[in-house]
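The values are calculated or read from the model by the stated rules, or taken from the named source; none is laboratory data. Note that the structure is predicted; figures quoted are calculated from it, not measured. Neighbour counts are summed over all protein chains in view; Cβ atoms, including those assigned to glycine, are modelled from backbone coordinates with ideal geometry.
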C-alpha cells in the first residue's frame, strides 16, 4: 500500500471509506481498494473461472493500492455495496413535452443520488412564449426548466457525500440563446450547472465573415429572428470573461469522431465536457498517475510499466460495465450496446516538473503527443485483445470499426478533471498546470478547507540547494515564485496556471485531444487582469485547432472559487464553476 498524504486521508475519510449507522468509519483505505478490486474482478466469472477472478483481483488491488490507477469516484464509493452504481457520467434526453421533461428529472434524481453527474441539451424545447397547441398555453422555455433541474440538484446530495453536477447545453441557433448566454451573470443562478453553447462550424464561419445568423424554432425550423453572428459571439466572450460561463461545445468536431453515427448524433456531454455521449449513455472513467512512472534522478519515463497499467486499466473499466447497476433500463441497454470507457491520466504537471520540462514549452507539447499516441495504441490493442477474448460490443456492426477492426469498446480514452481522485493519489490534477505552489482548496469536503504546498517544489529546492525560508514564505503568501530571486529557469519550470499564457493551455488540450477518443476536460485559467480579447482569442484558437470544447475561468470573476493561491487563512475565499470527478 502506497503512502497516503494527510489531504488524501481527509478526502477518503470524508467521501469514500464506509461508515456505520452512527457515522463511524469502519473501513481502511486498504480495505476500500480490496472491496473495489474484489467486486470488479467478479466480472471475470462471466468469461472465465474463479482462478482468473482471483488473479485479476490481485492485479486490480495492486494498481489502486500503489496509486498508479484510480477509477472515477462512484466506483470507489459504491463498488460491492447494495447501491452499486459505478458510473460518473450520464447524458439524458430532454424532449419537448411535460411528460418527457419530468421523466428526465426523475431519472436525474436517481442518477445524482447514486453519485453520477448528468448532461443535457435543452435545444429541443420550444422557445419562451411559444404557443402550445395541446394546452392552448404559452411555453416557459428551456431556461425555466433548467432552473427546475437546478433546484432538484440542490436538494440531492450525491451518494450522501457531495452535491450533484450538471451540464446544460443550448445550441447557437435556438431562439432563447441570447438569454441563455448571459444567464449566469447573476451569481447563484444555475449554480449546479456548467453551461455551454452548442456551436456549429457554420456559425463560426459566419462570425469570421461577419454574416447574419438565423435563430430557428426547434420543432418547425421556422426562422424566428436574424442577428449578426458577431453580436452573438461578442456576447459569449463577454459573459465568459465576466463569469466563466458559457463554455463552448463544438458539435461538428465531436460528431466527426462519433464511433456510432448510424445510432444517432451526439448533442451533449457530461458535466465537465470530457465525455460526449448519446442519449441515455453512461461512461466509466479511470486515470493513471503518470508522475509515478518517472525516475526523478534519471528523468526517464517507464514506458513498459505504463503499458502494463494501461492494459490492466482497460480490462478493469470493461469489467465495470458488467458489474454496474445503471438504475434505468434504457441506460443499461445502450451502455452494454456500445461499452464506452474513458481511460485518462493525472499527474501531468508533476511529471513535467520531474523531467524539468516547463509546461509552457514546445518540448512539453511534443512529449504530450508522444505520451498520448503511445497510450492510444495500447488502449486500442487492449480493447482489440478483449474483443478476441470476450467479443465485440453489440453495436459494433453499426460502428465505424466494422467490418475490418474488431473492438470491445466504442471509446477507450478520455481526459477527466480528476479533482478528488488526484488528491487521493497525491498528484497534480489531470493535464492542468500547477494552479499554485501553495493552494487553499474550498468546497472539496463538507465545510472544510485543504491547504497544501507543492511537494515537488520543496524537493526540487532542496536537491538544487535553493531552499530558504524566504522563498517558502513568499510561496505561502502568493502561491508563486515570480517575485523571488530564484534563477529564471526555475521560475519557468514552476510557472503556475495563471502565469501561463492561454495559448499554452489551449495547445496542451489540443495535443492530448489528438489521440483521445472522447474529449479533454481542460480549464483555460486566466489572471484577473485578462481581457475580453484574450477570451475571444482562446475560444477561436480552440475551434480552429479542433478541440471538442473549451471553457475559461478568470481568477476572481466569481465571489466563490474552489482554488485560491497561497495558504493564508485570511485570504479572500470563495467557488468556481461546477466541478465533478
Checklist entry - Do we have any residue at all in the stretch 4-14 that's touching a strand residue (DSSP E or B) at 6+ places or on another chain (Cβ under 9 Å), under 25 Å from residue 55 (Cα atoms) and surrounded by 13 or more Cβ atoms within 10 Å (Cβ to Cβ)? => result no
Item to check | helices (runs of 4 or more DSSP H) wholly inside the stretch 453-535 that include at least 3 residues being closer than 29 Å to residue 287 by Cβ and free of Cβ contacts under 8 Å to residues at least 24 places away in the same chain | outcome: 455-463
Checklist outcome for this item: A careful count of residues in the stretch 83-139 that are assigned to a strand (DSSP E or B) and either closer than 23 Å to residue 270 by Cα or within 20 Å of the chain's Cα centre (by Cα) (or both) gives 8
Checklist entry - Restricting attention to the stretch 217-232, does a residue exist that is within 21 Å of residue 91 (Cα to Cα), at pLDDT 95 or above, touching a helix residue (DSSP H, G or I) at 6+ places or on another chain (Cβ under 6 Å) and not in a helix (DSSP H, G or I)? => result no
Checklist entry - Within the stretch 321-341, is there a residue that is within 24 Å of residue 426 (Cβ to Cβ) and buried (at least 18 other Cβ atoms within 10 Å of the Cβ)? => result no
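Does the stretch 62-83 contain any residue that is on the phi > 0 side of the Ramachandran plot and surrounded by 21 or more Cβ atoms within 10 Å (Cβ to Cβ)?
yes
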Next on the checklist: Any residue that is closer than 30 Å to residue 501 by Cβ, buried (at least 18 other Cβ atoms within 10 Å of the Cβ), at pLDDT 95 or above and in contact with a strand residue (DSSP E or B) (Cβ under 7 Å, 6 or more places away or on another chain) - is there at least one of those in the stretch 379-388?
Outcome noted: no
Checklist entry - Is it the case that the stretch 276-295 has a residue that's closer than 27 Å to residue 113 by Cβ, free of Cβ contacts under 8 Å to residues at least 60 places away in the same chain and surrounded by fewer than 24 Cβ atoms within 10 Å (Cβ to Cβ)? => result no
Checklist entry - Restricting attention to the stretch 49-58, which residues are surrounded by fewer than 17 Cβ atoms within 10 Å (Cβ to Cβ) and either touching a helix residue (DSSP H, G or I) at 6+ places or on another chain (Cβ under 6 Å) or modelled with pLDDT under 95 (or both)? => result 52
Checklist outcome for this item: Filtering the stretch 511-529 down to residues that are farther than 30 Å from residue 258 by Cα and surrounded by 20 or more Cβ atoms within 10 Å (Cβ to Cβ) yields 526
Next on the checklist: Looking at residue 479 and the list (1) touching a helix residue (DSSP H, G or I) at 6+ places or on another chain (Cβ under 7 Å); (2) on the phi > 0 side of the Ramachandran plot; (3) buried (at least 23 other Cβ atoms within 10 Å of the Cβ), which single condition is not satisfied?
Outcome noted: (1)
Checklist entry - In the stretch 530-573, how many residues are in contact with a strand residue (DSSP E or B) (Cβ under 9 Å, 6 or more places away or on another chain), over 24 Å from residue 191 (Cβ atoms), surrounded by fewer than 17 Cβ atoms within 10 Å (Cβ to Cβ) and at pLDDT below 95? => result 2
Checklist entry - Does residue 118 qualify as being farther than 22 Å from residue 177 by Cα, surrounded by 17 or more Cβ atoms within 10 Å (Cβ to Cβ), touching a strand residue (DSSP E or B) at 6+ places or on another chain (Cβ under 8 Å) and modelled with pLDDT of 95 or more? => result no
Checklist entry - Limited to the stretch 172-200, what total is found for residues that are in contact (Cβ under 8 Å) with a residue 60 or more places away in the chain and surrounded by fewer than 14 Cβ atoms within 10 Å (Cβ to Cβ)? => result 1
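In this structure, is residue 107 modelled with pLDDT of 95 or more and farther than 27 Å from residue 232 by Cβ?
yes
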Checklist entry - under 30 Å from residue 334 (Cβ atoms) and touching a helix residue (DSSP H, G or I) at 6+ places or on another chain (Cβ under 9 Å): does that describe residue 430? => result yes
